[in-house]
Amino acid sequence: MAMCKVNTSLHFNKRTIAGGNREASVETYWVPNTDVYVTDEGLVIKVELAGIRREDLELTADGKRLKISGHRPDDCRGAKCKFQVMEINYGAFESIIEMPPGYDLTRAKAVYQNGFLRIDVPDIPSRPQKTHSVPISNGE
């Protein structure tokens, strides 16, 4: 099974500052920690998204790609704080996962609970092989 997480950990959108040639980072995108595993029912994608409200999440299926995006607000610290350690990502995030063959994104279901988003993507149902008679000719 070939599973592909399309994007990397951190992305910067850049724009040219008015009146100059310098570029400034306008917004940073981060990619949340993600587990993907297979069960008897299909594929499970589990994404760690602590501190994010359900209404700030968006899931989009496009063909064989699943895009998970949203925003974690940074409203818990003062404007003049000086970090000693900073390991929590804030702001916009995006994760794009390309599905391997055999899974049906159109029937995916998602649940967000206790800071984890779980997406269940069922197997594509296989058609049962019907038994039928094969005619035998006389060789004429």
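Computed from the C-beta positions of Asp123 and Tyr90, the FRET efficiency with R₀ = 30 Å rounds to 0.25. Considering only Ile96, Leu117, Cys81, and ranking their Cα positions along the charge dipole of segment 70-120 that arises from unit charges at the beta-carbon of Lys, Arg, Asp and Glu, the one farthest toward the positive end is Cys81. Taking the Cα centre of segment 34-114 as reference, the dipole from Cβ charges on Lys and Arg (+1) and Asp and Glu (-1) amounts to some 280 debye. If you model segment 35-112 as an ellipsoid using its alpha carbon gyration tensor, with each semi-axis the square root of five times an eigenvalue, the axes come out at 31, 13, 11 Å, biggest first.
Each residue of segment 83-100 in turn: what ³J(HN,Hα) in whole Hz from Karplus with 6.51, -1.76, 1.60 and θ = phi - 60°, glycine and Pro shown as x? For segment 83-100, the Karplus-derived couplings read 6, 8, 9, 9, 10, 9, 7, 10, x, 6, 9, 7, 9, 10, 10, 8, 6, x Hz, x marking Gly and Pro.
Maximal additional length on extending the Arg65-Thr34 stretch stands at 9.7 nm, based on 0.36 nm per residue less the C-alpha distance.
The numbers here are math on the coordinates, done by the rules we state, and not lab data. Because the structure is a prediction, the values reported are computed rather than measured. Cβ coordinates were reconstructed from backbone atoms using ideal geometry, including for glycine residues, and neighbour counts include every protein chain displayed.
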